[in-house]
Amino acid sequence: MNNNMNAPGQRLAALAPRFAGMRRGIEKESLRVQPDGRLALTPHPAALGAPLTHPRITTDFSEAQLELVTGAHASVQAMLAELEQIHQVVYHELQALGDELLWVSSMPCKLPADETIPIGVYGSSNHGRTKSVYRMGLGHRYGRRMQTISGIHYNWSLPELSNDDYFGLIRNFRRRAFALLYLFGASPAVCRTFVAGREHALIPLGASGVMHLPWATSLRMGRLGYQSQAQAMLAVSYNGLESYAASLEEALTRPYPPYEAIGIRNPGGEYNQLSTTLLQIENEFYGAIRPKRVTRPDERPLHALRERGVEDVEVRLMDLDPFEPLGIGADTARFLDLFLLHCLLEDSPPDTPQEIAAIERNQQAAAARGREPGLKVELHGGQQLLTGAVAALLGQLPPIAQALDAALGGAHYAQALARIGALQQAPQRLPSARVLQTVRQEHGDDFVSFVLAQSRQAQASLMARSCPARLKAEYDALAAQSVSEQTALQAADTQPFESYRRQYVCADRLRVA
């Protein structure tokens, strides 16, 4: 934090009165799949409303990729309770429609040919068409298979933080992100359909065709996941709002020859992408964490940040935990609160191009080889054992856990920290290790069989819990309202889409007058 207190303990004491104002929320992505583990090719269920305008149930890249969104909550319990309710609504509707499941792994199910993976459909309004064309562009740029990877996004805020406070937190988060991949990565294997026709360094797991890396924690966050050669050219600085905004604006306005070759439209007049720049829009930038601000209708996110500052941060590197029915457990969520506060409280010197490159190397090493004995990461200009660095981090968190428990009541944070700390002492119990052990020992090396079993177990667990009639009535009303809002948007449009698109991607929309 940027203040005159030079000791984290003093900063913690000064920050503690604000803990009751801490807010966190979740965006959770999951693929809809058929009972045999193949991607569902059905439309978004009409009973769940219009994904363009529904506040809690939408879609991510694919029409088959549900995104469940909680509000911002004052406690982990309340956040997970709402996430459970959304799941219950979705599972009941899926059961009423047929036999589809929610895939509980970050790495995708059995996928069809790339061009047949359906992208999200959002209606005929200019806003809705923009979302679909953006996804079409992602497919052309990176392939549709990559976009079916799913995860947990954790949105977090604390009152009275400045832009500099948030960016200091972000810099420290990036420096220590390898610890989260080690502790919570849960995607060390993938169905062979994901890498069909692609160059990769994965090796088969038995004779089933499952591909994996033996020490991997998170293939999702490694070179097979949200990575691109084009974005590797970016060295985005997080030394402040203006340097961050300038880096993104440059990527959003710089033409990129391979994307110019794709073109805005194909010969038949259909749209290929929103623009030919390095990034179509801000969300295309794949970061482990990013600053956010709620946007106004048709406002660009970068403009919102520049005009009104950072509102919260979005943690984007968390895998779905296939052993948790909701994809994330209370201990993990509480650990994220502790981790983010630690990143806020510690000194956060400016980043440099050299450090940015080292952070990328650490992420790749932790994702592909995180549990490898003797693996080292680059820290403070030298090298340290990854396990030693994680142990040192865990050793700095107890005072924060004690302060949070004192402010919020109970001993939830201290208990969560103790349980997660025990994992560090027993790496065979880490989620990534458990996935491989369970695939081998209980499913004959068959990754799809494992995920299907966990998916059915999650469904059964959530369907067995009480789903009151009032909850169904509430979500029926939300669905109906979302359809009405989408219809109204479509009826209100008078501007031709091409004119709307040109205005939306105009560089002036990124800046504050």
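Does Leu138 qualify as being out of contact with any Leu (no Cβ under 7 Å at 6 or more places or on another chain) and within 24 Å of Arg24 (Cα to Cα)? No: the conditions fail for Leu138.
Restricting attention to the stretch 45-60, the residues that are part of a loop (DSSP other than H, G, I, E, B), in contact with a Gly (Cβ under 9 Å, 6 or more places away or on another chain) and open to solvent by less than 20 Å² (accessible area, probe 1.4 Å) total 2. The residue list Leu274, Leu345, Leu340 contains one member that is under 21 Å from the mean Cα position of the chain (by Cα), on the phi < 0 side of the Ramachandran plot, buried (at least 21 other Cβ atoms within 10 Å of the Cβ) and not polar (S, T, N, Q), which is Leu340. Taking the residues in the stretch 14-44 that are in a loop (DSSP other than H, G, I, E, B) and open to solvent by less than 30 Å² (accessible area, probe 1.4 Å) as candidates, determine which candidate is nearest to Lys131 (Cα to Cα). Only one residue tops the list, namely His44. Taken over the stretch 302-334, the residue count meeting the criterion of being in a helix (DSSP H, G or I) and either at pLDDT below 95 or under 19 Å from Gln363 (Cα atoms) (or both) is 0. Flag: Asp493 does not match the condition of being open to solvent by less than 70 Å² (accessible area, probe 1.4 Å) and either over 30 Å from Asn272 (Cβ atoms) or within 27 Å of the chain's Cα centre (by Cα) (or both).
Yes/no per residue for (1) open to solvent by 10 Å² or more (accessible area, probe 1.4 Å); (2) farther than 27 Å from Gln65 by Cβ; (3) polar (S, T, N, Q); (4) without any contact (Cβ under 8 Å) to a residue 60 or more places away in the chain:
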| site | (1), (2), (3), (4) |
| --- | --- |
| Arg254 | yes, yes, no, yes |
| Glu260 | yes, yes, no, yes |
| Pro267 | yes, yes, no, yes |
| Val294 | yes, no, no, yes |
| Gly327 | no, no, no, no |
| Pro353 | yes, yes, no, no |
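Within the stretch 141-172, if we keep just the residues that are within 24 Å of Gln354 (Cα to Cα) and either at pLDDT below 95 or not polar (S, T, N, Q) (or both), the residue that is surrounded by the most Cβ atoms within 10 Å (Cβ to Cβ) turns out to be Leu169.
Of the residues making up the stretch 460-475, those that are assigned to a helix (DSSP H, G or I) and touching a residue at least 60 places away in the same chain (Cβ under 8 Å) are Ser461, Leu462, Met463, Leu471, Lys472, Tyr475.
If I ask for residues that are more than 30 Å from Leu169 (Cβ to Cβ) and part of a loop (DSSP other than H, G, I, E, B), which ones from the stretch 261-301 would you list?
In the first step, residues of the stretch 261-301 are kept if they are more than 30 Å from Leu169 (Cβ to Cβ); the result is 261-276.
Across the stretch 261-301, the qualifying residues are Gly263, Ile264, Asn266, Pro267, Gly268, Gly269, Glu270, Asn272, Gln273, Leu274, Ser275, Thr276.
Since Ala216 meets every condition but one in (1) part of a loop (DSSP other than H, G, I, E, B); (2) modelled with pLDDT of 95 or more; (3) surrounded by fewer than 17 Cβ atoms within 10 Å (Cβ to Cβ); (4) not hydroxyl-bearing (Ser, Thr, Tyr), which condition does it not meet? All conditions pass for Ala216, except number (3).
Results for (1) farther than 12 Å from Phe178 by Cβ; (2) open to solvent by 20 Å² or more (accessible area, probe 1.4 Å), shown as yes or no for each residue.
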| residue | (1), (2) |
| --- | --- |
| Ala366 | no, no |
| Glu372 | yes, yes |
| Asp405 | yes, no |
| Ala433 | yes, no |
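Scanning the stretch 173-186 for residues being part of a loop (DSSP other than H, G, I, E, B) and either at pLDDT below 95 or of a type in the set (A, V, I, L, M) (or both) gives a total of 1.
Which of the following residues is more than 28 Å from Ala46 (Cα to Cα), open to solvent by less than 60 Å² (accessible area, probe 1.4 Å) and not small (Gly, Ala, Ser): Tyr475, Tyr504? The match here is Tyr504. Given the condition touching a residue at least 40 places away in the same chain (Cβ under 8 Å), among the hydrophobic types (A, V, I, L, M, F, W, C) and under 30 Å from Val33 (Cβ atoms), answer yes or no: does some residue in the stretch 480-490 qualify? Yes, the stretch 480-490 has at least one match. Scanning the stretch 233-245 for residues that are in a helix (DSSP H, G or I) and open to solvent by 50 Å² or more (accessible area, probe 1.4 Å) yields Met233, Glu242.
Restricting the stretch 91-116 to residues that are of a type in the set (A, V, I, L, M) and surrounded by fewer than 23 Cβ atoms within 10 Å (Cβ to Cβ), the residue that is nearest to the chain's Cα centre (by Cα) is Leu111. Taken as a whole, the stretch 198-208 holds no residue that is among the basic types (Lys, Arg), at pLDDT below 95, surrounded by fewer than 20 Cβ atoms within 10 Å (Cβ to Cβ) and not in a loop (DSSP other than H, G, I, E, B).
When Leu48 is tested against the conditions (1) closer than 17 Å to Ala477 by Cβ; (2) touching a Lys or Arg at 6+ places or on another chain (Cβ under 7 Å); (3) not hydroxyl-bearing (Ser, Thr, Tyr), the lone failure is (2).
Considering only residues that are part of a helix (DSSP H, G or I) and without any contact (Cβ under 8 Å) to a residue 60 or more places away in the chain, look in the stretch 61-85 and name the one that is surrounded by the fewest Cβ atoms within 10 Å (Cβ to Cβ).
Ala81
The values are calculated or read from the model by the stated rules, or taken from the named source; none is laboratory data. No experiment lies behind these values; they were computed from the predicted model shown. Using ideal geometry, Cβ is built from the backbone for each residue, glycine included, and neighbour counts are taken over all protein chains shown. When the accessible area is computed, the model is the full protein with side chains, heavy atoms only, and any ligands, DNA or RNA have been set aside. Shrake-Rupley method; radii C 1.70, N 1.55, O 1.52, S 1.80 Å.
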